[in-house]
Every structure is written in C-alpha cells, then in structure tokens.
Amino acid sequence: MNHQQLRKEDFGNDFVWGIAMSAFQNEGAWNEGNKSESIWDRFSHKKNRILDKTNADVTTDFYHRYREDIRLTKELGFEVFRFSFAWSRILPNGIGTVNHEGIDFYHKVIDTCLEFGLEPWPTIYHWDLPQILEDMGGWTNRHIVDWFVEYCEVLTEEFGSKVKHWMVLNEPAGFTGLGYMTGYHAPGRMGMSNFLPAVHHTALCQAEGARVIRRNVSDAVIGTTFSCSHIEPHTHRFADIKAAQKVDALLNRLFLEPALGLGYPIEDLPFLKTMMKKHVFEGDMERLAFDFDFIGIQNYFKLVMKGAWWMPYINAMEVKPHKRGVHHTTDLGWEVSPDGMYEIIKKFASYPQIKQLIITENGAAFKDTLRHGEVHDPERTAFYQTYLQSILKAKQEGINLGGYLAWTLTDNFEWREGYQPKFGLVYVDFETQERIVKSSGKWFKEFLTAEKKHKQADILVSEKVIC
Ligand code: NOJ
C-alpha cells in the first residue's frame, strides 16, 4: 500500500480521531489560580534534572490559550481532545478543600471542546502528583489509594454530566519506573524499595479509580492507558529470548495483566515476590481487576534486547538501533518501526478480556526548521502515514480498534528532555507563543477532511445537475 492510498474512510465511520496532550506539559501557570506545587514543578526547578535546563512554568501557556488550541484541533479535522487534569489544581492539598478556580478552568476547557464539537477525553492522572502528597510518601504510601479515590470522586461528581470518556492513568509503567526506580523523572526516587510499593499502589488506583467513574458517571466509557513496545530478542540464543521475555513482562504486562484479572507476571519477574510479600494484602488481588471499556495503547518504537547476566533483576540490555545498523530513528533515538506498532496491537488483541483497543498516543520527535514562516516536516508526516498503515492492517484483520489520538497538537515540554524534542503537529515560538501549523498538521487536515470535501463537492455537483 502506498501512502497516497491511506484514506480516512477505510478506518470506518465509528473510528475516532483525536489529539492527546497533558496538563503539566502544556498548561504552564504553575502557581496561578491557587494551584499548588506538583512533583514535576519541584523536580524541574532543581538544578540539572532537565537536560536543557528549562522548566514548564509557562510551556505552551495552555492555561490561558486553551481556546486557541482547542479551535486549532477542530480546524485540523480532529474530533476528540484528550487532556489531563492537574491534581494540584483541583485539590491543592492533595485531599480536602476543592479549589474552585481549578474546577472552573477545566469547566472552561470542557465547555470549549463541546462548543467546537470536540469530545473531551480527560485522563485523571498524567504524572503530576501534588508535592504535598509526595512529602507523605507519594505512590509508595498505601494511603494514596484513598487520596486517589477522593480525587476521582471530586472529578466525576463535577464533570460527569458533561464528560463520558475517561482514562484513569497515563502510562503507569512509565511513571513508576522512571519516577521511583531509575530516578530519571519526578520525584526522582530510586531502587526497588520505592518501586515495588509504587507499582502495587498504582495498580490498585488504576482499578479503584475506574470503579469511582463507573459509580458516578452514567454511560461512562472507561479506559486506561499503557506505554507498550514490541520486544524482540537480538538472536535466538536462550539468554536473548529470556531477556526479551523479562522486558516484555516489565514494560508491557506489569500493569495490564492485573487490570485484566490475571495477576502480576511473577513468573517472568521473580523480584515481584518481594512486593507480594510486603505490600499486597488480603483481598488486594481481586481489587486489581476492572472491566475496562477500552485499553489505550501508547506506542512509539520497538525494542531489541539481549541477555546481560550482570544487569540486576532483568538480566537484559537493549541493543540500540545504530548497533544493529538501523539508522531510521527519531530525534530521541527511537527506532521508527511501524511493524512494531502492528505487533503490539496483535499482542494486546490476543487477550480475550480486552473489549476494545484505542491508540491513545503515537507520534514522533524530529528536528524542525522554521523557514519563511513555515515548517516543512516530511519525516513526521511519513512517520504518521506508515504507523497508520500498520494500524489499518490490524483493523482490517478484524481487531476491534476504536480510534487514534496523535501525540501531540503543539510542541511542548517533553519531561526530562525539556523543549528539545519537538512532537507537535503545530510549531510553537516559545518567545511569542505564536502557533504555526507544520506540514504534518496540514497533512492530517487534508486526510481527515478529504471525505467531507468530496461529499460537499458531490452535493454541489448534484445541485447543479438538479438546477
Ligand atoms: C508518553 C507520555 O504519555 C507523554 O507525556 C510523552 O510526552 C510522550 N509519550 C512522548 O514521549
């Protein structure tokens, strides 16, 4: 299939198209509107944590420019707007007193989506825990289950009448692994003694949060999202195969399987036995399961692993693309692998418990240049086209795929990497906050609105014939 042949209608009329973004990466206004400090505010204000020494105090200023960005999303032809709530804006103390300025802000975001005919799809937690809760142990403190339930109650009672699609967590393996094991992300904690309790409490929140939505929101469509990558062994050697299996369990199965009622992948990750002993209490295993309406796949690249006996816990090491002679990578060094997208969809679809899959994030960072007021980014466009072809192939094989959300509308704050990686379909001049639609954004518009244009042209033609 060549790129020109990619047509929106091949995905079906009920397949939804959207944009995904998050509070911390876009809102800015870090200390406005009675918002309290989040772990990412604290982390990014420390020296040497963010590679380009920036922070997200202002970022794309979505807090003040939400209307412009929502309108732009609509203009590009999308119909779903995925954003996240900032816990520290809703409940500055983590629990207790609700901040009405925060509530008002999200009402405005939701109302603006509805005004422009976009469906608001919020994520409850996209990595920005209130610092005040981190000071009490954050995700390592079992009380977080109660704190999170309270936060979910507030959100669903407040917004449940307007919002039907909800996602509980964004990439739990990402924020527990990077935030509590390697320390690369906020809150910057390290080691198994932090990681293991964080994993179990997060998995409990994933299901408990979903139960709150089910209870409080009639007709809710409830999902949660997972970072995931197709994992290949470097060779057929036993050690490489084992390495791939372990990494697959850690990155792809750790949070998915308990949600599906399958428990933790302990056989492939024996270190989880310590977690079972220390942090999993009676009745917990049943509480981990929830009958999600959809599962969000967030895929960017594939990984190739080889055995490495000296690596603790996983005995595995990545074989980087350039070491395998692969040079087609994004600005973050991630291998461009549309086949990996196809493989991971197939893997998720092989769980009979999953009702529907939605690609809740996919996109690419490439270096952009602004020339004569335009950004021409053919690499990003090609990335989207080839990944969409893989998704279409999986869909045409009968997999229940309900939609696709591109990461992301505007260039924004890419966590530890700061503003260096550019993921947007829309370029942002961070001095002036001017937005310029890149050629990839224009391609999406063309792709998403072509059918409409054809239909309008048909109507015009038939009107002429009638006249
Ligand atoms: C994962 C995260 O959900 C999002 O916040 C991040 O910016 C993108 N993927 C790209 O790395």
Looking at (1) within 16 Å of the ligand (Cβ to nearest atom); (2) over 27 Å from MET192 (Cβ atoms), can you tell me which one ARG371 breaks? (1)
Given (1) within 16 Å of the chain's Cα centre (by Cα); (2) away from the ligand (no atom under 12 Å from the Cβ); (3) assigned to a loop (DSSP other than H, G, I, E, B), number of the condition GLN353 does not satisfy: (1)
On the given criteria, is HIS279 open to solvent by 50 Å² or more (accessible area, probe 1.4 Å) and either in contact with a helix residue (DSSP H, G or I) (Cβ under 6 Å, 6 or more places away or on another chain) or within 26 Å of SER390 (Cα to Cα) (or both)? no
If you go through the range 169-199, how many residues are within 16 Å of the ligand (Cβ to nearest atom) and open to solvent by 30 Å² or more (accessible area, probe 1.4 Å)? 3
Enumerate the helices (runs of 4 or more DSSP H) found wholly within the range 1-118, keeping only those where 3 or more residues are modelled with pLDDT of 95 or more and over 30 Å from LEU133 (Cβ atoms). 62-75
Working carefully through the options ALA244, ALA210, find the one that is touching a Pro at 6+ places or on another chain (Cβ under 6 Å), at pLDDT 95 or above and either of a type in the set (Asp, Glu) or assigned to a helix (DSSP H, G or I) (or both). ALA244
THR54 versus (1) touching a helix residue (DSSP H, G or I) at 6+ places or on another chain (Cβ under 7 Å); (2) within 16 Å of the ligand (Cβ to nearest atom); (3) open to solvent by 10 Å² or more (accessible area, probe 1.4 Å): which is the lone unmet condition? (1)
Among the residues of the range 146-155, is any within 18 Å of the chain's Cα centre (by Cα) and surrounded by fewer than 23 Cβ atoms within 10 Å (Cβ to Cβ)? no
Restricting the search to the range 126-144, which residues are of a type in the set (Asp, Glu) and more than 16 Å from the ligand (Cβ to nearest atom)? GLU134, ASP135
Can you name every residue in the range 8-40 that is away from the ligand (no atom under 16 Å from the Cβ) and open to solvent by less than 10 Å² (accessible area, probe 1.4 Å)? PHE11, PHE15, TRP17, ALA29
Which residue is farthest from ASP429 (Cα to Cα), if the candidates are limited to the range 384-415 and must be among the acidic types (Asp, Glu) and within 16 Å of the ligand (Cβ to nearest atom)? GLU414
So GLY96, is it at positive phi and either of a type in the set (A, V, I, L, M, F, W, C) or without any contact (Cβ under 8 Å) to a residue 12 or more places away in the chain (or both): yes
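The values are calculated or read from the model by the stated rules, or taken from the named source; none is laboratory data. Quantities reported herein were computed from a predicted structural model and do not represent experimental measurements. Neighbour counts are summed over all protein chains in view; Cβ atoms, including those assigned to glycine, are modelled from backbone coordinates with ideal geometry. What goes into the accessible areas is simple: the full protein's heavy atoms, side chains included, and nothing from ligands, DNA or RNA. Shrake-Rupley method; radii C 1.70, N 1.55, O 1.52, S 1.80 Å.
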